[in-house]
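**Q** Structure in structure tokens, see below.
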Amino acid sequence: MPGMGDPRFARSVILMCAHDSESAMGLIVNKPAPDLNFGGLLDHLGISRGDRGREIRVHYGGPVDKGRGFVLHTPDWGGEAATMRVPGGFRVTATLDVLEDLARGAGPDQALLALGYAGWGPGQLEGEILRNDWLVAEALPEIVFAASDAEKWTLALKALGVDPLTLSPSAGRA
């Protein structure tokens, strides 16, 4: 929302991966990582690409643990022990096997890589929502995996029936 004071989250679309009374964790899905691409990351990790290797987008997933990578993907792939089920039918894998499969041209049908994550402590996210810092919407694959990162924020607002020009930094109660 416009009233959010933290520029790292300006116009962010965050897929919430986990949320309970102790913490919340999400991945920003619409902010490309500056100066980093999948091929360069594979080279850095020593993973060779096959002839059919795929290119997936690398994103700034959030300000926490920015050196840690998470592959957000469709449920058609998964190492059961290392893959977290995310509400909405998504999966998150943080092990090298998914990167190796993608580098060979296999792996999940749709995927994106996020470096870092957004995290909240007990009650923190709930307080931010009550302060009108965030809009909450259903997680839709057509938004999360949209072709254009720049359009995801607008697509998420449209899914809620919200015109970006009508957003206000003020919250109210009826």
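The values are calculated or read from the model by the stated rules, or taken from the named source; none is laboratory data. Just so we're clear, the structure is a prediction, and the values are computed from it rather than from any experiment. Don't worry about glycine lacking a Cβ; one is built from the backbone with ideal geometry, like all the others, and counts go over all protein chains shown.
**Q** Just name the residue that is nearest to the chain's Cα centre (by Cα) out of those in region 47-63 that are under 18 Å from Thr74 (Cα atoms) and free of Cβ contacts under 8 Å to residues at least 60 places away in the same chain. Spell out how you get there, then give the answer.
**A** Applying the first criterion (under 18 Å from Thr74 (Cα atoms)) to region 47-63 yields 53-59, 61.
Cutting the leftovers down to free of Cβ contacts under 8 Å to residues at least 60 places away in the same chain gives us 53-56, 58, 61.
Values: Gly53: 22, Arg54: 19, Glu55: 17, Ile56: 13, Val58: 10, Gly61: 6 Å.
Step by step, filter region 47-63, then rank; the result is Gly61.
**Q** Here is a further query. If I filter region 103-119 down to residues being surrounded by 18 or more Cβ atoms within 10 Å (Cβ to Cβ) and out of contact with any Asp or Glu (no Cβ under 6 Å at 6 or more places or on another chain), which single residue comes out as farthest from Val58 (Cα to Cα)? Steps first, please.
**A** Kept after step one, since they are surrounded by 18 or more Cβ atoms within 10 Å (Cβ to Cβ), are these residues of region 103-119: 103, 107-108, 111-118.
Imposing the further condition that a residue be out of contact with any Asp or Glu (no Cβ under 6 Å at 6 or more places or on another chain) reduces the set to 103, 111-115, 117-118.
On the way: Ala103: 14, Ala111: 10, Leu112: 6, Leu113: 5, Ala114: 6, Leu115: 7, Tyr117: 13, Ala118: 16 Å.
Restricting to residues being surrounded by 18 or more Cβ atoms within 10 Å (Cβ to Cβ) and out of contact with any Asp or Glu (no Cβ under 6 Å at 6 or more places or on another chain), the top hit is Ala118.
**Q** Could you say whether any residue in region 29-43 is of a type in the set (A, V, I, L, M, F, W, C), closer than 30 Å to Asp133 by Cα, within 14 Å of the chain's Cα centre (by Cα) and surrounded by 13 or more Cβ atoms within 10 Å (Cβ to Cβ)?
**A** Taking region 29-43 and keeping what is of a type in the set (A, V, I, L, M, F, W, C), we get 29, 33, 36, 38, 41-42.
Then drop every residue that is not closer than 30 Å to Asp133 by Cα, which leaves 29, 33, 36.
If we keep only those that are within 14 Å of the chain's Cα centre (by Cα) too, we end up with 29, 33.
Filter again for surrounded by 13 or more Cβ atoms within 10 Å (Cβ to Cβ), leaving 29, 33.
Yes: region 29-43 contains one or more residues that are of a type in the set (A, V, I, L, M, F, W, C), closer than 30 Å to Asp133 by Cα, within 14 Å of the chain's Cα centre (by Cα) and surrounded by 13 or more Cβ atoms within 10 Å (Cβ to Cβ).
For every residue, the table says whether it meets (1) part of a loop (DSSP other than H, G, I, E, B); (2) of a type in the set (A, V, I, L, M, F, W, C); (3) free of Cβ contacts under 8 Å to residues at least 12 places away in the same chain.
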| position | (1), (2), (3) |
| --- | --- |
| Asp65 | no, no, no |
| Trp77 | yes, yes, no |
| Met84 | no, yes, no |
| Asp97 | no, no, no |
| Leu113 | no, yes, no |
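**Q** Yes or no: region 32-46 includes at least one residue that is assigned to a loop (DSSP other than H, G, I, E, B), out of contact with any Phe, Trp or Tyr (no Cβ under 6 Å at 6 or more places or on another chain) and under 24 Å from Pro75 (Cβ atoms). Spell out the reasoning first.
**A** At the first step, the residues of region 32-46 found to be assigned to a loop (DSSP other than H, G, I, E, B) are 33-37, 46.
Narrowing further to those that are out of contact with any Phe, Trp or Tyr (no Cβ under 6 Å at 6 or more places or on another chain): 34-37, 46.
Add one more test, that the residue is under 24 Å from Pro75 (Cβ atoms), and what stays is none.
So far as region 32-46 goes, no, none of its residues is assigned to a loop (DSSP other than H, G, I, E, B), out of contact with any Phe, Trp or Tyr (no Cβ under 6 Å at 6 or more places or on another chain) and under 24 Å from Pro75 (Cβ atoms).
Let's see how each residue does on (1) modelled with pLDDT of 90 or more; (2) assigned to a loop (DSSP other than H, G, I, E, B):
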position	(1), (2)
Leu135	yes, yes
Glu142	yes, no
Ala146	no, yes
Thr154	yes, no
Ala174	no, yes
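**Q** A further question follows. Out of Val71, Val64, I need the residue that is crowded, with 21+ Cβ neighbours inside 10 Å and β-branched (Val, Ile, Thr). Which one? Full working, then the answer.
**A** Details: Val64 fails: crowded, with 21+ Cβ neighbours inside 10 Å.
Just a single option satisfies the conditions, and that option is Val71.
**Q** Out of Leu155, Leu135, Leu125, Leu130, report the one residue that is farther than 24 Å from Tyr60 by Cα and of a type outside the set (Lys, Arg). Spell out the reasoning first.
**A** Details: Leu155 fails: farther than 24 Å from Tyr60 by Cα; Leu135 fails: farther than 24 Å from Tyr60 by Cα; Leu125 fails: farther than 24 Å from Tyr60 by Cα.
From the options Leu155, Leu135, Leu125, Leu130, the qualifying one is Leu130.
**Q** Follow-up. If I filter region 54-68 down to residues being touching a Leu at 6+ places or on another chain (Cβ under 7 Å) and either among the hydrophobic types (A, V, I, L, M, F, W, C) or more than 20 Å from Phe9 (Cβ to Cβ) (or both), which single residue comes out as modelled with the lowest pLDDT?
**A** Arg54
**Q** List the pairs whose first member sits in region 145-163 and is among the basic types (Lys, Arg), whose second member is surrounded by 14 or more Cβ atoms within 10 Å (Cβ to Cβ) and at pLDDT 90 or above, and whose Cβ atoms are under 6 Å apart, counting only residues at least 6 apart or on separate chains?
**A** Every condition considered, the pairs that remain are Lys152/Val13; Lys152/Asn30; Lys152/Ile143.
**Q** Could I ask something else about it? Mind telling me which of the residues Glu128, Glu100, Glu151 ends up being of a type in the set (D, E, K, R), over 22 Å from Arg68 (Cα atoms) and surrounded by 15 or more Cβ atoms within 10 Å (Cβ to Cβ)?
**A** After applying the criteria, what remains is Glu128.
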